[in-house]
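J.: Provided herewith is a single structure, encoded as structure tokens, for subsequent inquiry.
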Amino acid sequence: MKNRLMKGSLAALVSLLATNAMAAQEVTVYTAFETDILAKYKSAFEKENPDVTIRWVRDSTGIMTAKLLAEKNNPQAEVVWGLAGSSMALLKNEGILTSYTPNGVDDLRVSLNDPEGEQAWFGNDAFFNAICFNEIVAEQLDLPMPKSWEDLTNPVYKGHISMPNPASSGTGYMQVSAWLQNMGENQAWNYMKKLDNNIAHYTHSGSKPCVEAGMGEVAIGISMASRGARLKTQGAPLAVITPAGIGWESEAVGLVKESDAAKRVVDWSISKAANELYVEMYPVVGHKEVEATVTHFPDVESNMAEMDFARMGNERADVLAKWSEKFDAKSEPKS
């Protein structure tokens with residue numbers, strides 16, 4: 001009887017250890033998704049995959065890209081999920097991302113995915129820039145509504161504009177790249193010099209300039225269009241303006257370290273269920289069957305800049321070094 005009890009206890013212990021082992025499958029995911037949506041994505045994934053947990057490591061696109069490059073020889077991430085396509089192209093070229101074809105890839109819009117052979121990253125959504133314009137502040141200060149990028153160089157806006165630092169924010173780099181690729185090098189750098197005269201400060205978050213505009217801290221924020229649409233829905237006195245030549249990019253997922261659990265995170269991130277969460281914030285998502293109209297989101301397709309994501313990735317270091325030398329003095333302190 002005693003032996004049977006011991007065997008039963010041993011079996012229960014082995015079962016408990018096995019259960020704990022399954023529950024302990026933690027996947028480290030590096031991301032630049034906005035902080036306020038991470039819990040929703042984690043909860044939805046873990047509900048469908050109760051034996052796998054996500055451990056987010058989150059920062060802005062530029063900082064997260066630099067972190068991944070610095071860890072190249074000793075990678076800490078297992079999955080990168082929610083990072084700009086240009087960064088993903090750079091990470092692939094550096095051998096940081098592993099080629100992997102996730103389940104469900106045929107259901108995705110190819111325009112948001114890795115365009116090269118041996119695909120290593122896949123688009124979750126497309127995100128766009130906009131000008132967030134506080135109409136109440138503008139009325140108080142007698143500021144006209146801008147309709148073009150050139151309008152923002154008008155001296156009347158001096159000290160009333162914020163935008164993201166492109167060295168720490170993918171949103172900022174995306175717009176700088178759009179100017180460089182569509183205006184031409186010389187004209188674009190001259191434009192940014194004139195714009196800098198009117199900049200109050202550069203932020204380290206892509207959404208912050210629009211938040212600042214919504215709160216009246218600045219009149220104008222060059223920022224994420226989706227953030228402007230959300231704030232306007234919440235009652236902020238914003239006009240969300242998309243002038244010709246707005247920057248845009250794919251936000252994507254890729255595998256760094258191969259494991260069953262990590263692959264399941266990648267697979268789920270491109271699923272229809274995941275895309276139904278993305279579309280709550282972004283009007284353009286990766287899955288072909290998922291579409292929606294985001295309230296207060298401006299028409300962007302006719303004003304989208306021509307974007308070469310491979311060029312963005314290849315030129316990144318040189319562009320950021322040049323930008324930082326010229327304009328970093330107005331950047332906010334890093335927290």
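The values are calculated or read from the model by the stated rules, or taken from the named source; none is laboratory data. The shown structure was predicted, so the numbers you read here are calculated from the model rather than taken from an experiment. When we count neighbours, we look across all protein chains shown, and the Cβ atoms used for this are built from the backbone with ideal geometry, even at glycine. These accessible areas exclude ligands, DNA and RNA; they are computed on the full protein's heavy atoms, side chains included. Shrake-Rupley method; radii C 1.70, N 1.55, O 1.52, S 1.80 Å.
J.: Provide the percentage of antiparallel DSSP beta bridges, counting only those with both residues in the chain; round to the nearest 5.
T.: Details: 25 of 42 bridges.
If I count the DSSP bridges inside the chain, around 60 percent turn out antiparallel.
J.: Using only the alpha carbon atoms of segment 53-163, find the Kirkwood hydrodynamic radius as the inverse mean reciprocal pair distance, in angstroms to one decimal. Mind showing how you got there, number by number?
T.: Details: mean 1/r = 0.0574 Å⁻¹.
That comes to 17.4 Å for segment 53-163.
J.: To continue, here is another question. Which shape class, rounded, prolate or oblate, goes with segment 22-76 when its Cα gyration tensor gives a ≥ b ≥ c as root eigenvalues, a/c under 1.5 marks rounded, and past that a/b bigger than b/c marks prolate? Please report the intermediate quantities before stating the final value.
T.: Working: a/c = 4.42, a/b = 1.47, b/c = 3.00.
In terms of gyration-tensor shape, oblate.
J.: So for each of 29-39, 84-94 I average, over its residues, the number of other beta carbons within 10 Å; can you give me the resulting order with the highest mean first? Numbers along the way, then the final one.
T.: Working: 29-39: 18.5, 84-94: 23.5.
In descending order of packing, they fall as 84-94, 29-39.
J.: Quick check on the chain: helices-only [θ] at 222 nm, where DSSP H runs of length 4 and up contribute -39,500 (n - 2.57) each and the sum goes over total residues. Nearest 500, please. Could you put the intermediate results ahead of the total?
T.: Working: 12 runs with 138 residues, N = 335.
Helix-only estimate at 222 nm: -12500 deg cm²/dmol.
J.: Another question about this same structure. Fully extended, how many nm does the chain gain between residue 272 and residue 217 (0.36 nm per residue separation, minus their Cα-Cα distance)?
T.: Values: separation 55, 0.36 × 55 = 19.80 nm, distance 3.86 nm.
Full extension from residue 272 to residue 217 adds 15.9 nm.
J.: Now a separate question. Based on C-alpha coordinates, I'd like the Rg and Dmax of the chain, in Å.
T.: Expressed in Å, the Cα Rg and Dmax of the chain come to 22.2, 91.
J.: Let me have the relative contact order for segment 178-335, percent, based on Cα pairs under 8 Å that are six or more residues apart.
T.: Values: 158 pairs, mean separation 45.8, N = 158.
The normalised contact order for segment 178-335 reaches 29 percent.
J.: Accessible area per residue, 1.4 Å probe, Å², for segment 47-206: what's the number?
T.: Numbers: 6460 Å² over 160 residues.
Computed with neighbouring chains in place, this is 40 Å² per residue.
J.: Can you tell me the relative contact order of the chain? Whole percent, Cα pairs under 8 Å, sequence separation 6 or more. Mind dumping the intermediate values first?
T.: Working: 660 pairs, mean separation 79.8, N = 335.
It comes to 24 percent, rounded to a whole number.
J.: Let me ask something additional. Mean Kyte-Doolittle of at least 0.5 plus a Cα span of 18 Å or more along the axis: flag which DSSP H helices in the chain meet both, please. Working shown, then result.
T.: Working: long enough: 2-23 (31 Å, 0.64); 170-183 (19 Å, -0.10); 309-327 (24 Å, -0.63).
Span-like helices here: 2-23.
J.: Now, a different point. In whole percent, how big is the carbon plus sulfur part of the accessible area of the chain, probe 1.4 Å, protein atoms only? Could you put the intermediate results ahead of the total?
T.: Working: 7640 of 15010 Å².
That fraction is 51 percent.
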